[in-house]
Amino acid sequence: MSTILRLSLGVLFLIESLAPISYQASVEVNENRALVDYPEKITFYLQASSSEEIESVELVFGTDAISCGENVTRAIPEDYKSSKEVDVEWEFLLRRSGTLPPGTDVWWVWKLTDSSGNRTETPRQSLHFIDDTFDWQLHQSESLDFHWYEGSAGFIRELAQAGETALSYLFEVTGVKIQERVSIYIYEDSDAMQTATLFAPDWSGGIAFSEYRTVLAGVPPGSITWGKDVVAHELTHVLVGVYTFSCVESMPIWLNEGLAMLMEESVGITHDSEMERLANAIEDNDLLSVREISYIFSNDPDLARQAYAQSLSLVEFLFETYGQEKMLQFLDKFKQGISQDRALKDVYGYDQDSLNAAWREWIGAPPLEGTP
Ligand SMILES: [Zn+2]
């Protein structure tokens with residue numbers, strides 16, 4: 001066996017070493033740059049001269065986002081015609097591809113192929129995708145990088161402290177630990193934050209980009225309580241998102257939102273109004289079912305608020321009844337890409353309906369009709 005293997009390897013090496021070395025075009029790059037028009041687009045330019053006709057030009061670029069498979073985009077400038085003089089540009093339009101958070105590092109290379117099939121690759125370059133109309137300041141705490149431009153250093157220190165507290169609490173109650181530093185961009189208010197991203201809903205005050213390990217928040221310097229709330233909440237989304245990342249997104253939304261709300265409590269946020277809403281829903285017998293808050297929350301603000309209140313309550317039910325270890329096992333299932341139903345069954349022995357029934361009983365809601 002081993003002789004045959006060695007033999008075939010030898011043949012492979014031979015073929016490789018006998019491959020003809022063809023003439024390589026000499027390519028001179030005159031200009032290779034990219035222009036950021038934040039948050040709309042990045043324009044890549046290349047100007048080069050070659051001793052041979054360059055038949056095709058390809059732009060290859062990517063970021064360090066967590067992704068499924070290779071995180072690389074390939075683009076071919078459409079109007080390029082074979083020439084010894086290359087002068088091309090390509091626009092990366094973020095309204096088409098999805099927004100990039102501030103602070104993202106984007107790398108790129110150009111690949112040129114000449115008429116004999118020889119390839120030339122420009123050295124890898126990179127740019128920092130950021131809105132530089134703001135005078136960004138940096139405050140680093142143990143695990144977090146806070147970027148801000150409005151308010152005092154004391155205000156940011158307080159926010160950073162809240163962030164660190166939420167991280168410790170998350171580790172304490174779930175076992176989920178921060179692996180890599182997270183960047184947090186503090187805008188002066190929600191409007192400024194929404195302008196910085198292309199698809200932020202007009203009611204949002206904070207956004208988590210878990211695959212980029214980045215949080216955006218709109219926090220006026222006077223609103224420290226709101227600031228702590230949004231930092232703890234969005235930071236939890238980032239950490240839980242990174243921890244449970246898989247190629248199949250299967251984590252229930254109530255679990256993600258419930259955990260984020262629970263972490264808000266570590267920085268002194270109380271959820272009295274949510275508990276009142278829950279009590280009213282029990283009394284009026286109009287609780288949403290676990291199924292109804294698994295995949296999407298309603299657009300109706302009132303129903304959405306109720307979905308958040310119930311999510312918190314569901315997560316509390318699981319913690320109080322089954323403890324911390326089970327929660328980590330539950331999160332591990334989503335990391336493995338296991339479906340909600342399988343994960344629930346494997347860890348807690350429920351399906352969505354029996355979880356709904358057990359939780360209703362726990363909060364003192366009457367059993368649903370048809371439930372034994
Ligand atoms: Zn959330």
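The values are calculated or read from the model by the stated rules, or taken from the named source; none is laboratory data. What you see is a predicted model; the values in this text were computed from it and never measured. Every residue, glycine as well, gets a Cβ built from its backbone with ideal geometry; the counts of neighbours run over all protein chains shown. Only protein heavy atoms, including side chains, enter the accessible area calculation; ligands, DNA and RNA are left aside. Shrake-Rupley method; radii C 1.70, N 1.55, O 1.52, S 1.80 Å.
Listed values, structure above:
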item	result
Rounded, prolate or oblate (a/c below 1.5 giving rounded, otherwise prolate when a/b exceeds b/c) for the range 148-248 by Cα gyration tensor	oblate
Accessible area per residue, Å², the range 27-129 with all protein chains present, probe 1.4 Å	52 Å²
Accessible surface of the range 134-242 [probe 1.4 Å, protein heavy atoms]: carbon and sulfur percent	47 percent
Projected label distance in nm at D351 and S51, using a 7 Å step from Cα toward the beta-carbon	7.2 nm
Length-normalised contact order of the range 50-173 in % [C-alpha pairs under 8 Å, at least 6 apart]	21 percent
The chain: most fluctuating residue of M263, M251, M275 per GNM, C-alpha cutoff 10 Å	M275
Point-to-point label distance, D300-E89, nm (Cα→Cβ direction, 7 Å offset)	4.9 nm
Vicinal HN-Hα couplings computed from phi for the range 121-127 (Karplus, 6.51 cos²θ - 1.76 cosθ + 1.60; Hz; Gly/Pro x)	10, 6, x, 5, 10, 8, 9
Cβ-derived FRET efficiency at R0 45 Å, A65 paired with S115, nearest 0.05	0.80
Cα gyration tensor shape for the range 318-372, rounded if a/c is under 1.5, else prolate or oblate	oblate
Highest-MSF residue in the chain out of E276, E265, E150 [GNM, Cα springs under 10 Å]	E276
L328 paired with R157, simple spin-label distance in nm, labels 7 Å along Cα-to-beta-carbon	3.4 nm
Within a Gaussian network of the chain (alpha carbon springs, distance under 10 Å), most fluctuating of D351, D191, D272	D272
DSSP bridge orientation in the chain - percent antiparallel, rounded to nearest 5	85 percent
Accessible area expressed per residue, the range 244-372, with surrounding protein chains retained (probe 1.4 Å, Å²)	51 Å²
Proximal charge balance of A307 [Cβ under 11 Å; K/R count +1, D/E count -1]	-3
Rg/Rh ratio calculated on Cα atoms of the range 27-129 (Kirkwood radius)	0.98
Pairwise Cα inverse-distance average, inverted: Kirkwood Rh of the chain (Å)	24.1 Å
Additional length obtainable on full extension of the chain from E78 to I224, 0.36 nm per residue less Cα span	47.6 nm
